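Let me begin by presenting the structure, written as structure tokens, before commenting on it.
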Amino acid sequence: MPESKIHTRYKPENRFTLYKGDCFKLLEKIEPNSVDLVVTSPPYCMGKSYEDPKDDLTTFIKQHIRLIPEVYRILNPGGSMCWQIGYHVKNSTVLPLDYIIYDIINRQLSDEIRDGLVLRNRIVWTFGHGLNSSKRFSGRHEIILWYTKGSEYDFDLDSVRVPQKYPGKRHYKGEKKGELSGNPLGKNPSDVWDVPNVKANHIEKTEHPCQFPVVIPQRLIKSLTPQNGIVLDPFAGSGTSGVAAIIEKRRFIGSELSPEYYAIAKKRMDNAISGEVSYREDTPVIEPDLKTAVARLPDEFIAVRKLDESYQRAIGLGIGGKQ
Ligand SMILES: C[S@@+](CC[C@H](N)C(=O)[O-])C[C@H]1O[C@@H](n2cnc3c(N)ncnc32)[C@H](O)[C@@H]1O
């Protein structure tokens, strides 16, 4: 029976550790070459409730110049570092933080780290909801940078395949003409992931203001770590990476500075251990059902947009939105 206790003090033999405090204090205790995946979403230093109001882009850069060498040190050769990151917005200027991370690794750290961390994917995580902008296009994506430590690594694609839109497609010419053309397990999820973000009505929502959904670390854990492998999240927040690690039967090490979020993370991880945690399964985002009232274009919008009848029929609306 695997151990089910969540330890607060790190020991290498623990199955689950959730340290209440500064990640740097935790990281210094971890042996070199011992962790399979470090997955996190760091503070963006933009005035969130869990950030010091004085924190800014310089804070972000300094923190990462200190952090990435520690992550590199503890990663197993062939292990992965996955950074989920968005934009630093100040005075209406948007700055892509993945660019900052890339620059730190390539220009501001040692040659060993620059050559040792190999960028495998820049994944675009896209979602349907968020703030609506009136002076620029509304932001509906963030980024996940996936680096491996060294050139040899394992990638279990079959564990994260997603359903094809048209699984019945067949080769239409050549030797395989008439045979099914897709993989029976599904298709590669690609480097664009359409996964709902955790807003008010999301089944995973807690009091934490910036959770990522379980599916994000879950896909990375499944494809990039072995069974029983070790996953670490230095900025654990509400414990999402811990929950994903437990669901996927991996070991977990995390740290969280805020006592309030620590308590949430601990509870969610306990619930994951007992099989009672709520999370959204990795299923495709479905298109709206045009038969439901809220999916129909209201008469008022039709009047404003001056849609003609043929257009309405083409998008399956029927005249005046009534079907
Ligand atoms: C963007 S949130 C992470 C959210 C997380 N991915 C989730 O799904 O809940 C960043 C978290 O890092 C925590 N934090 C900030 N500085 C920290 C530090 N030095 N050590 C540990 N945790 C820290 C913050 O309190 C915050 O909860």
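Miscellaneous remarks
- Residue within the stretch 171-183 that is part of a strand (DSSP E or B), in contact with a Lys or Arg (Cβ under 8 Å, 6 or more places away or on another chain) and loosely packed, with under 14 Cβ neighbours inside 10 Å present: yes
- Residue under evaluation residue 4, criteria (1) surrounded by 15 or more Cβ atoms within 10 Å (Cβ to Cβ); (2) within 25 Å of residue 219 (Cβ to Cβ), criterion not met: (1)
- Here residue 107 fulfils each of the conditions (1) charged (D, E, K, R); (2) more than 21 Å from residue 144 (Cα to Cα); (3) out of contact with any Leu (no Cβ under 7 Å at 6 or more places or on another chain) apart from (2).
- Residue satisfying condition, being acidic (Asp, Glu) and buried (at least 17 other Cβ atoms within 10 Å of the Cβ), within set 70, 112: 70
- Of the criteria (1) aromatic (Phe, Trp, Tyr); (2) surrounded by 19 or more Cβ atoms within 10 Å (Cβ to Cβ); (3) within 17 Å of the chain's Cα centre (by Cα), which one residue 60 fails: (3)
- Looking only at the stretch 191-210, residues that are in a loop (DSSP other than H, G, I, E, B), exposed (fewer than 12 other Cβ atoms within 10 Å of the Cβ) and among the aliphatic types (A, V, I, L, M) come to 1 in all.
- Every residue from the stretch 207-249 that is within 14 Å of the ligand (Cβ to nearest atom) and of a type in the set (S, T, N, Q): 211, 218, 238, 240, 241
- Any hit, the stretch 280-293, residues being within 16 Å of the ligand (Cβ to nearest atom), buried (at least 21 other Cβ atoms within 10 Å of the Cβ), within 21 Å of the chain's Cα centre (by Cα) and in a loop (DSSP other than H, G, I, E, B): no
- Condition check for residue 54: of a type outside the set (Ser, Thr, Tyr) and under 30 Å from residue 139 (Cα atoms): yes
- Figure legend. Inter-residue proximity from the stretch 35-55: first residues in the same structural domain as residue 209 (by TED's automatic domain parsing), second residues near the ligand (Cβ under 10 Å from one of its atoms) and of a type in the set (Phe, Trp, Tyr), beta-carbon distance below 6 Å, spacing 6+ or different chains. Indicated pairs: 40/235; 41/212; 42/235.
- Which numbered condition residue 139 misses (of (1) within 28 Å of residue 21 (Cβ to Cβ); (2) assigned to a loop (DSSP other than H, G, I, E, B)): (1)
- When residues of the stretch 17-46 are limited to those that are of a type in the set (Gly, Ala, Ser) and within 13 Å of the ligand (Cβ to nearest atom), the one surrounded by the most Cβ atoms within 10 Å (Cβ to Cβ): 41
The values are calculated or read from the model by the stated rules, or taken from the named source; none is laboratory data. It should be emphasised that the depicted structure is a prediction, and the values quoted were computed from it without experimental measurement. Positions of Cβ are generated from backbone atoms using ideal geometry, with glycine treated the same way; all protein chains shown enter the neighbour counts.
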